[in-house]
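> To start, I am sharing the structure in question, which I have written as structure tokens.
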Amino acid sequence: MSIVSSIQKNVTAGLSALYNQSITEKDFQINQTKPEFEGDYTIVMFALVKSLKQSPDSIGNQLGGYLIKTYPELFSNFNIIKGFLNLSVTNTFWTNLLQKNYANAGYGRKEKNGKKVMVEYASPNTNKPLHLGHLRNIFLGWSVAEIYKANGYEVIKTCIVNDRGIHICKSMIAWQKYANGATPQSTGIKGDHLVGDYYVRFENDLKAESQVLINKINLGDLCDFSGVALEKLDKLLIALTKLDEIKDEEKIAKLHDEIKEIARNNTSVMAEAKQMLLDWEEGKPAVIDLWKKMNGWVYEGFDITYKRIGTDFDKIYYESKTYLLGKYIVQQGLDKTVFFKKEDGSIWIDLTADGLDEKLVQRKDGTSVYITQDIGLALQKYEEYKIDSSIYVIGNEQNYHMKVLQLICKKLGMANADNIFHLSYGMVELTTGKMKSREGTVVDADDIVDEMIATSQMHTEELGKVKDFTVEELKDLYDTIGLGAMKFYLLRVDPKKTMVFNAEESIDFHGFTGPFVQYTHARIKSILRKEPLANNQQALTSSNLLKLEKELIVILEQYPEAIEQAAIEHNPSIIAMYVFNLAKTFNSFYTEHSIANAETGNKKQLRLQLAVMTANTLNSGMELLGTRVPERM
């Protein structure tokens with residue numbers, strides 16, 4: 001039980017005993033005491049005035065006296081400042097906590113609770129390599145999974161590979177046209193990068209052809225369009241004429257975007273991709289063989305990147321194997337009138353009564369869409385693992401999609417529908433702006449990893465403290481610092497926020513960065529090599545703790561609560577902020593207080609235990625962020 005929980009429990013018992021009323025933890029507030037006042041924790045009295053019918057100071061004095069008398073092992077003193085009860089926790093409590101936990105590498109982690117959580121992350125398409133945006137997703141998902149493990153859950157890490165669909169066909173079409181049989185082996189290009197190059201090539205062709213159609217549309221030439229597309233264009237052009245008169249720039253821009261999309265969908269290259277998707281779903285051998293070959297190249301590339309960045313999965317699902325189950329469920333839902341079929345044969349669900357929209361679940365040609373396989377996979381996950389919770393790590397541009405998925409699962413009566421949680425996160429942008437896959441302006445994961453490791457090497461060599469390292473040790477150190485800097489930087493921001501990635505800033509050894517925490521850990525290890533902790537440790541005497549000694553124990557006591565809160569909020573940035581503050585506090589402590597030349601033997605022992613516990617906790621916290629801490633650097 002944390003110190004705050006203990007205080008809540010004792011204050012509740014004290015108030016109930018003193019006033020013979022039922023008081024709960026929600027009836028008062030506990031904060032850490034502000035530095036300018038004496039005390040460790042502050043109880044805010046004002047919310048109790050109405051129910052207890054006494055002044056804040058009167059309640060505080062009675063409660064403070066009760067706590068000091070009833071719990072002398074926990075509270076040593078109290079004072080009242082304008083309705084705030086400031087409580088001082090005994091030195092004995094803090095030194096006992098230190099001595100009990102300093103050598104416990106598992107400090108803060110809970111026993112197994114018998115519950116299962118599945119965390120789905122990465123979820124790449126097989127038409128391009130992993131990029132910087134994927135890295136935030138992967139690091140976030142992996143870290144949340146580890147944080148749940150630390151809270152006692154059984155965790156299944158999963159990935160759904162989007163290995164079928166129109167995007168895959170685009171790369172296949174372009175490879176057929178331009179590759180002349182090129183392979184990763186013949187070109188020396190990593191498989192996922194090679195396939196991604198042809199996706200960009202397709203998009204360039206599509207952009208060029210659609211621009212020709214847009215130019216014709218602008219001239220009033222609609223001869224390339226027919227049917228529904230022609231009807232939509234007519235309506236859009238009429239609407240544009242009206243909007244031009246009132247100069248509504250925002251609506252005009254939206255109409256132009258719709259016209260561009262119609263043009264894209266009516267190009268010959270897009271028609272080829274759509275036909276290839278139909279051929280794939282019909283199982284045409286030549287298409288299936290090409291699909292398997294190109295996906296195989298991509299998987300080999302992904303595996304290299306996953307291994308390099310230190311991520312793993314317990315189970316990998318493939319859309320090509322889950323979409324059929326989704327289509328089967330759609331047919332069942334159609335029979336149950338959960339879905340309905342339009343005149344063109346497409347299948348939809350009407351969610352307007354739920355404040356949403358109509359949603360397509362199967363195209364008119366019978367091919368599935370993303371939501372189709374997601375429905376099937378949601379059921380498959382539950383039936384396979386009987387999970388208590390299913391966490392989807394997906395960008396915030398899919399917020400609507402995830403609302404629709406959960407709502408559909410509820411309407412279909414799936415047992416796990418209420419346990420679906422969308423961990424929605426903001427996009428990663430560069431200092432130069434947004435990334436765009438279609439235009440090939442994304443930062444590849446492999447490239448950014450190379451850059452981070454090279455930058456870590458440059459900064460480390462500038463410090464000039466690794467002259468006695470072997471070549472192998474240096475390589476491992478550069479990898480540890482470079483990857484640690486990137487992971488920490490991507491995880492230190494609340495997942496809900498969009499962030500800008502700055503590679504140079506992420507590797508600063510003095511800021512809110514991974515290398516700062518890593519350096520602090522290495523510094524402590526160096527101290528402990530020079531002043532090792534004796535094996536025959538005697539009990540610490542409850543001498544007065546100096547201000548920074550106490551601050552360090554207080555923040556160490558908060559680690560279990562930080563782990564718990566990070567799981568509740570699905571937010572690894574809580575851990576990142578915690579380890580940074582712990583490292584900063586230790587550095588302040590060590591600057592002020594010598595360990596080797598401590599005033600007494602008891603002080604030296606206490607400070608060594610503080611160093612050991614801080615190193616263990618930094619290592620534990622950074623592990624939850626997927627980051628290693630070096631023994632020396």
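> Within region 122-133, is even one residue basic (Lys, Arg), buried (at least 21 other Cβ atoms within 10 Å of the Cβ) and not in a helix (DSSP H, G or I)?
yes
> Output the qualifying pairs, or none if there are none: Cβ atoms under 8 angstrom, residues six or more apart or on different chains, first residue in region 30-47 and over 18 Å from Leu546 (Cα atoms), second residue part of a loop (DSSP other than H, G, I, E, B) and among the charged types (D, E, K, R).
Close Cβ pairs satisfying both conditions: Thr42/Lys34.
> Restricting to region 18-47, name every residue that is at pLDDT 90 or above and surrounded by 17 or more Cβ atoms within 10 Å (Cβ to Cβ).
Tyr19, Ile30, Thr33, Gly39, Asp40, Tyr41, Thr42, Ile43 - these are the residues of region 18-47 that are at pLDDT 90 or above and surrounded by 17 or more Cβ atoms within 10 Å (Cβ to Cβ).
> Only one of Met45, Met1 is within 28 Å of Glu564 (Cα to Cα) and out of contact with any strand residue (DSSP E or B) (no Cβ under 8 Å at 6 or more places or on another chain); which?
Sole residue among the options that is within 28 Å of Glu564 (Cα to Cα) and out of contact with any strand residue (DSSP E or B) (no Cβ under 8 Å at 6 or more places or on another chain): Met1.
> A further question follows. (1) in contact with a helix residue (DSSP H, G or I) (Cβ under 8 Å, 6 or more places away or on another chain); (2) farther than 30 Å from Leu236 by Cα; (3) modelled with pLDDT of 95 or more: which one isn't true of Leu132, the others all being true?
With (1) in contact with a helix residue (DSSP H, G or I) (Cβ under 8 Å, 6 or more places away or on another chain); (2) farther than 30 Å from Leu236 by Cα; (3) modelled with pLDDT of 95 or more applied to Leu132, the lone miss is (3).
> Restricted to region 310-328, and to residues that are at pLDDT below 95 and of a type in the set (A, V, I, L, M), which residue is surrounded by the most Cβ atoms within 10 Å (Cβ to Cβ)?
Per the criteria, the residue is Leu325.
> Is region 210-219 home to any residue that is touching a Leu at 6+ places or on another chain (Cβ under 7 Å), in the same structural domain as Arg164 (by TED's automatic domain parsing) and β-branched (Val, Ile, Thr)? Walk me through it before giving the result.
Let us first name the residues in region 210-219 that are touching a Leu at 6+ places or on another chain (Cβ under 7 Å), namely 217.
With the extra rule that they be in the same structural domain as Arg164 (by TED's automatic domain parsing), the set shrinks to 217.
Next cut, β-branched (Val, Ile, Thr) only: 217.
There is at least one residue in region 210-219 that is touching a Leu at 6+ places or on another chain (Cβ under 7 Å), in the same structural domain as Arg164 (by TED's automatic domain parsing) and β-branched (Val, Ile, Thr).
> Hey, another quick one. Return yes or no: is Tyr306 among the aromatic types (Phe, Trp, Tyr), touching a Phe, Trp or Tyr at 6+ places or on another chain (Cβ under 9 Å) and closer than 30 Å to Lys475 by Cβ?
Answer is yes for this residue.
> For the condition of a type outside the set (A, V, I, L, M) and on the phi > 0 side of the Ramachandran plot, what is the one hit in Gly426, Gly484, Gly464, Gly395?
Gly464
> Hey, among Lys177, Lys170, which residue is of a type in the set (Lys, Arg), within 23 Å of Ala445 (Cβ to Cβ) and either more than 37 Å from the chain's Cα centre (by Cα) or part of a helix (DSSP H, G or I) (or both)?
Working: Lys177 fails: within 23 Å of Ala445 (Cβ to Cβ).
One residue alone meets the criteria, Lys170.
> Would you pick out the residues in region 121-143 that are closer than 15 Å to Tyr392 by Cβ and more than 11 Å from the chain's Cα centre (by Cα)?
Ser123, Pro124
> For the list (1) surrounded by 13 or more Cβ atoms within 10 Å (Cβ to Cβ); (2) out of contact with any Cys (no Cβ under 6 Å at 6 or more places or on another chain); (3) at pLDDT 95 or above, I need the number of the one condition that Lys307 fails.
Of (1) surrounded by 13 or more Cβ atoms within 10 Å (Cβ to Cβ); (2) out of contact with any Cys (no Cβ under 6 Å at 6 or more places or on another chain); (3) at pLDDT 95 or above, only one is false for Lys307: (1).
> Working only within region 150-164, note down all residues that are acidic (Asp, Glu) and either assigned to a strand (DSSP E or B) or at positive phi (or both).
Answer for region 150-164, where residues must be acidic (Asp, Glu) and either assigned to a strand (DSSP E or B) or at positive phi (or both): just Glu154.
> On to the next question. Within the bounds of region 8-17, is there any residue that is within 44 Å of the chain's Cα centre (by Cα), among the basic types (Lys, Arg) and either farther than 30 Å from Leu552 by Cα or surrounded by 14 or more Cβ atoms within 10 Å (Cβ to Cβ) (or both)?
Kept after step one, since they are within 44 Å of the chain's Cα centre (by Cα), are these residues of region 8-17: 8-16.
Checking which are among the basic types (Lys, Arg) leaves us with 9.
From the residues that got through so far, the ones that are either farther than 30 Å from Leu552 by Cα or surrounded by 14 or more Cβ atoms within 10 Å (Cβ to Cβ) (or both) too are none.
Looking through region 8-17, none of the residues is within 44 Å of the chain's Cα centre (by Cα), among the basic types (Lys, Arg) and either farther than 30 Å from Leu552 by Cα or surrounded by 14 or more Cβ atoms within 10 Å (Cβ to Cβ) (or both).
> List every residue pair whose Cβ atoms sit under 9 Å apart, with the two residues 6 or more apart in sequence or on different chains, where the first one lies in region 455-473 and is more than 10 Å from Met633 (Cα to Cα) and assigned by TED's automatic domain parsing to the domain that holds Pro515 and the second, anywhere, is in a helix (DSSP H, G or I) and of a type in the set (S, T, N, Q).
Sorted first by the residue in region 455-473, then by its partner, the pairs are Thr455/Ser506; Ser456/Thr480.
> Follow-up question, since we're still on this one. Taking Gly83 as the residue in question, decide whether it is modelled with pLDDT of 95 or more, outside the structural domain of Ala562 (by TED's automatic domain parsing), in contact with a Phe, Trp or Tyr (Cβ under 6 Å, 6 or more places away or on another chain) and surrounded by 15 or more Cβ atoms within 10 Å (Cβ to Cβ).
no
> What helices (runs of 4 or more DSSP H) lie completely within region 201-309 and have 3 or more residues being charged (D, E, K, R) and under 30 Å from Thr627 (Cα atoms)?
The helices (runs of 4 or more DSSP H) meeting that bar are 285-309.
> Can you pull out every residue in region 455-468 that is surrounded by 13 or more Cβ atoms within 10 Å (Cβ to Cβ) and assigned to a helix (DSSP H, G or I)?
Thr455, Ser456, Gln457, His459, Thr460, Glu461
> I need the full set of residues from region 89-98 which are crowded, with 17+ Cβ neighbours inside 10 Å and either over 19 Å from Asn544 (Cβ atoms) or more than 34 Å from the chain's Cα centre (by Cα) (or both), in order please.
Narrowing region 89-98 to residues crowded, with 17+ Cβ neighbours inside 10 Å: 89-91, 93-95, 97-98.
If the condition is that a residue be crowded, with 17+ Cβ neighbours inside 10 Å and either over 19 Å from Asn544 (Cβ atoms) or more than 34 Å from the chain's Cα centre (by Cα) (or both), then Val89, Thr90, Asn91, Phe93, Thr95 are the ones that fit.
> Still on this structure: Take His401 and decide whether it is touching a residue at least 12 places away in the same chain (Cβ under 8 Å), assigned to a strand (DSSP E or B) and either closer than 23 Å to Asp314 by Cβ or touching an Asp or Glu at 6+ places or on another chain (Cβ under 9 Å) (or both).
no
> Of the residues Ile563, Ile524, only one is under 22 Å from Glu631 (Cα atoms) and at pLDDT 95 or above; which?
Ile524
> Looking at Leu277, Leu290, can you tell me which residue is in contact with a Cys (Cβ under 6 Å, 6 or more places away or on another chain) and either among the charged types (D, E, K, R) or surrounded by 14 or more Cβ atoms within 10 Å (Cβ to Cβ) (or both)?
Leu277
> Still on this model: For region 377-398, name all the residues that are under 18 Å from Tyr148 (Cβ atoms) and either surrounded by fewer than 17 Cβ atoms within 10 Å (Cβ to Cβ) or in contact (Cβ under 8 Å) with a residue 40 or more places away in the chain (or both).
If the condition is that a residue be under 18 Å from Tyr148 (Cβ atoms) and either surrounded by fewer than 17 Cβ atoms within 10 Å (Cβ to Cβ) or in contact (Cβ under 8 Å) with a residue 40 or more places away in the chain (or both), then Lys381, Tyr385, Lys386, Ile387, Asp388, Ser389, Ser390, Ile391, Tyr392, Val393, Ile394 are the ones that fit.
> If I filter region 585-597 down to residues being assigned to a helix (DSSP H, G or I) and without any contact (Cβ under 8 Å) to a residue 40 or more places away in the chain, which single residue comes out as nearest to Lys530 (Cα to Cα)? Don't jump to the end; show me each part of the working.
Step one: list which residues in region 585-597 are assigned to a helix (DSSP H, G or I), which gives 585-592.
Right, trim to without any contact (Cβ under 8 Å) to a residue 40 or more places away in the chain and you get 585, 591.
On the way: Thr585: 21, Thr591: 17 Å.
Looking at the filtered set, the residue picked out is Thr591.
> How many residues are among the basic types (Lys, Arg) and more than 21 Å from Ala273 (Cα to Cα) when one looks only at region 161-191?
Result for region 161-191: 1.
The values are calculated or read from the model by the stated rules, or taken from the named source; none is laboratory data. Keep in mind it's a predicted model, so treat the numbers as computed, not measured. FYI the Cβ positions are ideal-geometry reconstructions off the backbone, even for glycines, and counts take in every protein chain you see.
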